[in-house]
Every structure is written in structure tokens, then in C-alpha cells.
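Peer 1: Right, I'll just put the structure down here and ask away after.
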Amino acid sequence: MLFEIRLRWSDKVRQEGPTRVDDGLWVPDTPSAREKLEQAAALGNRLYGPETHWIERRQA
């Protein structure tokens, strides 16, 4: 069974720039991709507060 993951963030996170991005890009759930998204979520949580960033998973 194949799965995909993406980085998500809460509405508390202020987005910069002229366009608002509401969805993260779905990528295959590989060890490398998961590690990168875990690092990105950890950084987001340090910058914007606990539980503002997380990883979603779905069946592809």
C-alpha cells in the first residue's frame, strides 16, 4: 500500500506575500521525505508555537 505525506500548519501561522497558500504538496511517504518534513514541522513549531505544524498522511 502506498502513502503520501504533506506538511500542514494551523490558521495561527501568518503567511507572507501576495498569495495565501492553504495546502501543502503531497509527496510519497519515503524515509527521506518524512525526515525532511519532520524537520520542517519542528522548525515551524519552534518559530510559531507548539502544534502549529504537523504531518498529514493519506493512502495514495
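Peer 1: Using a 1.4 angstrom probe with every protein chain in place, what is the largest-first accessible-area order of Ser32, Ser10? Can you show the working numbers first?
Peer 2: Values: Ser32 60, Ser10 25 Å².
The most accessible residue leads, giving Ser32, Ser10.
Peer 1: What number in nm² do you get for the chain if you take the convex hull of its Cα atoms and divide its surface by four? Don't jump to the answer; show the numbers that get you there.
Peer 2: On the way: hull surface 17.4 nm².
Approximately 4.4 nm², given one-decimal rounding.
Peer 1: Let me ask something else. Quick one: which residues, 5+ away or cross-chain, put their amide H under 5 Å from the amide H of Phe3? H built at 1.01 Å from N.
Peer 2: Under 5 Å from the amide H of Phe3: Asp29, Ala60.
The values are calculated or read from the model by the stated rules, or taken from the named source; none is laboratory data. Source: prediction; values computed, not measured. Surface areas here come from the heavy atoms of the whole protein model, side chains and all, with no ligands, DNA or RNA. Shrake-Rupley method; radii C 1.70, N 1.55, O 1.52, S 1.80 Å.
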